[in-house]
Amino acid sequence: MAALARSVPGVGAMTVGTVPKVLPDVSAQGRAPAAHALNWVGMRDIRMPVRLGDPLMRMAAPGSFDVLVNLPEAGVKGIHMSRLYTLLFAATKTPVEPADLCHLLMDAVASHRECGTDAARLVLRTELVRPAFALITEGLKGWASHAIEVEATLQDAQPVIWLTVDVTYSSTCPCSASLARHSWRRHSGSTMTAGAKSPWQTQPRGSGRTAHWPPRTARGTLPGSRSRSAQWSAGTLRRSLRMRSVL
């Protein structure tokens, strides 16, 4: 079947046989057919390494970013995603401070000035990995990880930053002590006199099992600074973790 393609300004048309199929070229049209303002539009789950400028975060970790701007003027067809990505890529080359997030949001707004943009939002998700020392054995340590989320918003020319840290922990149930005592009595024997010691009790591993709850997650959220020249305080992450008594 013969096909004939012809080009018309603003419209791409292709004729197959006698049935024309018209494909509108939306990029050549001046206004969007459906005019609506958008609160937020952008990109989500952008993956790149990141390190916060906090002493507790000593190395870069995999990060996930959401970068969004608003489109308050109805009829604007879209945003420039490459501009947002370029700004984000440049901002993560060095340890990220609150001031860097504020400047990134302001640059994102400026990069879409012709779209009427006056607000921007960024969400950063990463992981803090820190040494965790044994409670009893000296010199024995491992690693603990905590999910971190930083949300920064610029609206009405005012930046606001929130820091959230998740802590996973396990704890004994309210009946653990009672269950342990019951297990001890059952193993030691009910006829043992006061002050006597059972052979089972004197063994190196002479203790019963203790019931535990499954791992839980505690979440601590701290407000960040509104200053455009601010830095993370020396113990921002440490203070958030201390809210849950893990440091």
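Structure notes:
Each row is one residue, and each column tells you yes or no for (1) within 19 Å of Gln155 (Cα to Cα); (2) part of a helix (DSSP H, G or I); (3) of a type outside the set (A, V, I, L, M, F, W, C); (4) within 20 Å of the chain's Cα centre (by Cα).
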| site | (1), (2), (3), (4) |
| --- | --- |
| Leu84 | yes, yes, no, yes |
| Leu87 | yes, yes, no, yes |
| Ala90 | no, yes, no, yes |
| Thr94 | no, no, yes, yes |
| Leu101 | yes, yes, no, yes |
| Val109 | yes, yes, no, no |
| Arg121 | yes, no, yes, yes |
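- Residue count for region 123-140, restricted to those that are outside any strand (DSSP E or B) and either among the small types (Gly, Ala, Ser) or closer than 13 Å to Gln158 by Cα (or both): 2.
- Contacts under 7 angstrom Cβ, first residue in region 38-52 being within 29 Å of Pro72 (Cβ to Cβ) and among the polar types (S, T, N, Q), partner part of a strand (DSSP E or B) and at pLDDT 95 or above, 6 or more apart: Asn39/Asn70
- The lone exception for Cys115 - which of (1) under 19 Å from Ile161 (Cβ atoms); (2) of a type outside the set (Val, Ile, Thr); (3) modelled with pLDDT under 95; (4) buried (at least 19 other Cβ atoms within 10 Å of the Cβ) it fails: (1)
Per-residue answers, yes or no, for (1) modelled with pLDDT under 90; (2) in contact with a helix residue (DSSP H, G or I) (Cβ under 7 Å, 6 or more places away or on another chain); (3) within 30 Å of Ala60 (Cα to Cα); (4) surrounded by 12 or more Cβ atoms within 10 Å (Cβ to Cβ):
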| residue | (1), (2), (3), (4) |
| --- | --- |
| Gly75 | yes, no, no, yes |
| Ile79 | no, yes, yes, yes |
| Ala91 | no, yes, yes, yes |
| Thr94 | no, no, yes, no |
| Leu122 | no, yes, yes, yes |
| Leu135 | yes, no, yes, no |
| Lys141 | yes, no, yes, no |
| Gln158 | no, no, yes, no |
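The values are calculated or read from the model by the stated rules, or taken from the named source; none is laboratory data. Not measured: the values here are computed from a predicted model. In this analysis, Cβ positions are derived from the backbone assuming ideal geometry, glycine residues included, and neighbour counts consider all displayed protein chains.
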